Amino acid sequence: MTVLGVYCETCGKPQADNEHAVCRARQEINPPRYCRECRRRMVVQITPTGWSARCSVHGDIEG
Amino acid sequence: MTVADTDVLDIAREVVLERGEGLSEADVLRALRLPDERLPELLELAHQVRMRWCGPEVEIEGIISLKTGGCPEDCHFCSQSGRFPTPVRSAWLDIPGLVKAAEQTRATGATEFCIVAAVRGPDKRLLSQVKAGIEAIRASGNDIQIACSLGMLTQEQVDELKAMGVHRYNHNLETARSHFANVVTTHTWEERWETLLMIREAGMEVCCGGIIGMGETVEQRAEFAAQLAELGPDECTMNFLIPQPGTPYENYEVVPGKDALRTVAAFRLALPRALLRFSGGRELTFGDLGTEQGMLGGINAIIVGNYLTNLGRPADRDLAMLTELNMPIKALSETL
Ligand code: SF4
Ligand SMILES: [Zn+2]
Ligand SMILES: [Zn+2]
């Protein structure tokens, strides 16, 4: 199950906005950029086979 | 009958397919203006040209961002420019991360690994990081060929990279000379050209291409193809704009698939002998079907896996596609 979180990982706006159709459509090409809990911009490193993203408060996620 | 009356594909058959010479700017423009009904014929001819002058092999490359974001330049398409409010934050990859990325790339069958940094040009710190990275990749037993893309270079830096064993250097002209100042204001097209000449002179392979869909006219696409043909790069990398949030181009339209295919085929007719690589924007512009059409329309090189700030489709899907298309992957021994 995907946990949506409070903020959109692609654009950083509240999920409740319901304006994330483009964000979702482009999820396959965009790694997360914003922390879904606090909307801080994350430090993202992309590698040929994956990505990692770090929020200074909420830690690392990987995909 | 005048030359202008002769069908452009007949001219291309004679000049490009038979003689292996690039199509002129005027004829590239005519190819770019062919109606949709003639697109299959254009793609087929571009494919024949690629098979005749390059062969069936496909070169596979992986790329890695060594230094991401925070670039002082203002290329309007780029999410790594520090001048635009984009979500991309600065990051440096460490040496173990670089070695691992090279390993992952080699495991796909790729023969080329390109180390990229978001900079105007490299400083001492970046060059020493690249040097240490290349040494560590070699020490790990990985024999993949190494390319770099580190912006504009001085002669001294060119010589240093050559001495490190870098065999190809990527530096894109990005767009037609007449359009460049609309896209970038912090440096000139001519400065980029200078770097490319130094690379060639030093005996490294030249990789140069650009991005389609940055507001250029169709005439400027033809102009760009002609300027690339004048340069004569070993590889031409074809990107299609991904409108990046926060950049001046964030609301630009994605290039329609048919226009994109026409552009691929027309660039193949301008550059019959170059590696023509599908690069950024492939997934968004072409999708799965368009990717196959492009592979059968002049493309003979791809980037597998992820890009610098965007994700690609998984490498195994591209490898399965090549198997299905009966296109062998270029092996390392053939490139040495
Ligand atoms: S020089 Fe490269 S990294 Fe810097 S803004 Fe231009 S394209 Fe982006
Ligand atoms: Zn969103
Ligand atoms: Zn957070």
Given the options A:50, A:5, A:12, name the one that is within 16 Å of ligand 3 (Cβ to nearest atom), among the small types (Gly, Ala, Ser), touching a helix residue (DSSP H, G or I) at 6+ places or on another chain (Cβ under 9 Å) and without any contact (Cβ under 8 Å) to a residue 60 or more places away in the chain. A:5
Residue within segment B:301-313 that is away from chain A (no Cβ under 13 Å) and at pLDDT 95 or above present: yes
Just to be sure before I move on: is residue B:309 of a type in the set (Val, Ile, Thr) and under 19 Å from the mean Cα position of the chain (by Cα) in the structure I sent? yes
Quick one: which residue in A:25, A:21 is more than 10 Å from chain B (Cβ to nearest Cβ), farther than 24 Å from residue B:98 by Cα and without any contact (Cβ under 8 Å) to a residue 12 or more places away in the chain? A:21
Sole residue being farther than 25 Å from residue B:282 by Cα and away from ligand 1 (no atom under 16 Å from the Cβ), chosen from A:33, A:39: A:39
Of the residues in segment B:110-135, those that are aliphatic (A, V, I, L, M) and either modelled with pLDDT under 95 or not in a helix (DSSP H, G or I) (or both) come to B:110, B:115, B:116, B:117, B:118, B:119
Return yes when residue B:124 is under 21 Å from residue B:205 (Cβ atoms) and either acidic (Asp, Glu) or away from every other protein chain (no Cβ under 14 Å) (or both) and no when it is not. no
Picking from B:65, B:24, the residue that is among the polar types (S, T, N, Q), under 19 Å from the mean Cα position of the chain (by Cα) and away from ligand 3 (no atom under 16 Å from the Cβ) would be B:65
Suppose the filter is away from chain A (no Cβ under 14 Å), more than 16 Å from ligand 2 (Cβ to nearest atom) and closer than 10 Å to residue B:199 by Cα; does residue B:143 pass it? no
Hey, among the residues in segment B:136-151 that are touching a helix residue (DSSP H, G or I) at 6+ places or on another chain (Cβ under 9 Å) and in a helix (DSSP H, G or I), which one's surrounded by the fewest Cβ atoms within 10 Å (Cβ to Cβ)? B:139
Residue that is nearest to residue A:35 (Cα to Cα) [pool: residues in segment B:88-125 that are in contact (Cβ under 8 Å) with a residue 40 or more places away in the chain, buried (at least 22 other Cβ atoms within 10 Å of the Cβ) and within 16 Å of ligand 1 (Cβ to nearest atom)]: B:88
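The values are calculated or read from the model by the stated rules, or taken from the named source; none is laboratory data. As the structure is a prediction and not an experimental result, all values here were calculated from the model. Backbone-built Cβ (ideal geometry, glycine too); neighbour counts: all protein chains shown.
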